[in-house]
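Here the structure comes first, spelled out in structure tokens, and everything after it is commentary.
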Amino acid sequence: MERVKLCTLSTLIILLQSPSTLQVTVSSNMPRVEVPENADAVLSCVFRTERDNNPRIEWKKKDKDVSFVYFDGKFRGDFHGRAEIEGATVTLKKVTQKDTGEYRCEISAPLDTVTLGETNVTLKVLVPPHTPSCEIPSSALTGSVVELRCNDKQSVPPASYRWYKDNALLTLSHKTNVTYSLNTITGTLRFDTVSRADTGQYHCEAFNGLGSKSCVGKHMQIDDVNIPAIIAAAVAVIILISVCFLGVCYAHRHGYFSKGHRGRSFWIPQCHGTAHISSQNLHRADDINSSNYNTPLHDDFKHTQSFML
């Protein structure tokens, strides 16, 4: 019996000392880290090696490409001068939104049977709302559809939105006289049929778990439709169209649109009568005179009646 116990104990000792039972292991006490902007972020990395007491420690950040954070005993790139390492755990000082991402801790132990181990840590930098962008119309007519918009693209997590009228919070109500709808996710305040009672000073507030910010308020004026002015404008348009139509009819009736119409005719006195001469023929006469054309004259020619050239 004692031999059996001794054999079992010897086997256990051999198994514990076997290289196949010990290997490098890497883990993190906090695989997901969320911290506010400008705070310090601790990226935990804990390892255990088989034989190698001085393993190589590397930190990398995975974006579109993989870049070094800590390599060959030094911090690299933007992390130089604003990060510390203790063991394999890294502390980033005053993180910003661009530090958000996935980081990988790699432990390399050449003397171990399994020479490489790694663990991932995801960092999310939380950002309070900035002053939101607000779109508020200055005026509108009663009965029309009006939308007020509010947006903040920088807050993490994404902001929710509240609207105020004359510094009073607008809420969704089951009352039948409410003419607006609110979307707290998109920041839209919509009036399906705006009325004069909706006139007032409006502003929007963006908020998340880190804080809130409001845009500058703006006055929105709602006016009734000016029906007399619309009628007067319509009458003026009708009169103008009627005058144009009558003018076209008059010109067409008097032949101004016919192909044979050339200028205008008028009567002029002659020596012994009256002649009907068109303006175009006068132009022809000018052309003839300018070309030194001499028209023969006869003393016995007398005008006894009107004639048309």
Check: Within segment 145-158, can you find the residues that are crowded, with 20+ Cβ neighbours inside 10 Å and within 19 Å of Gly217 (Cα to Cα)?
Finding: Val146, Leu148, Cys150, Asp152
Margin query: I'm checking my understanding of the structure. Among residues of segment 109-133 that are touching a strand residue (DSSP E or B) at 6+ places or on another chain (Cβ under 7 Å) and open to solvent by less than 20 Å² (accessible area, probe 1.4 Å), which one is farthest from Ala39 (Cα to Cα)?
Written below: Gly117
Check: Is it fair to say Leu182 is under 22 Å from the mean Cα position of the chain (by Cα), open to solvent by less than 30 Å² (accessible area, probe 1.4 Å) and hydrophobic (A, V, I, L, M, F, W, C)?
Finding: no
Checklist line | Residue within segment 163-183 that is modelled with pLDDT of 95 or more, assigned to a loop (DSSP other than H, G, I, E, B) and in contact with a Pro (Cβ under 9 Å, 6 or more places away or on another chain) present | finding: no
Next item on the list: Take the residues in segment 68-88 that are under 19 Å from Leu116 (Cβ atoms) and not β-branched (Val, Ile, Thr), then tell me which one is most open to solvent (accessible area, probe 1.4 Å).
Entry: Asp72
Item checked: Condition check for Phe191: open to solvent by less than 40 Å² (accessible area, probe 1.4 Å) and either of a type in the set (Phe, Trp, Tyr) or in contact with a Gly (Cβ under 8 Å, 6 or more places away or on another chain) (or both) -> yes
Notebook entry, point to check: among the hydroxyl-bearing types (Ser, Thr, Tyr) and open to solvent by 40 Å² or more (accessible area, probe 1.4 Å) - does that describe any residue in segment 89-98?
Noted result: yes
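The values are calculated or read from the model by the stated rules, or taken from the named source; none is laboratory data. Keep in mind it's a predicted model, so treat the numbers as computed, not measured. Positions of Cβ are backbone-derived with ideal geometry, glycine not excepted, and every protein chain shown enters the neighbour counts. Just the protein is used for accessible areas: all its heavy atoms, side chains included, with ligands, DNA and RNA removed. Shrake-Rupley method; radii C 1.70, N 1.55, O 1.52, S 1.80 Å.
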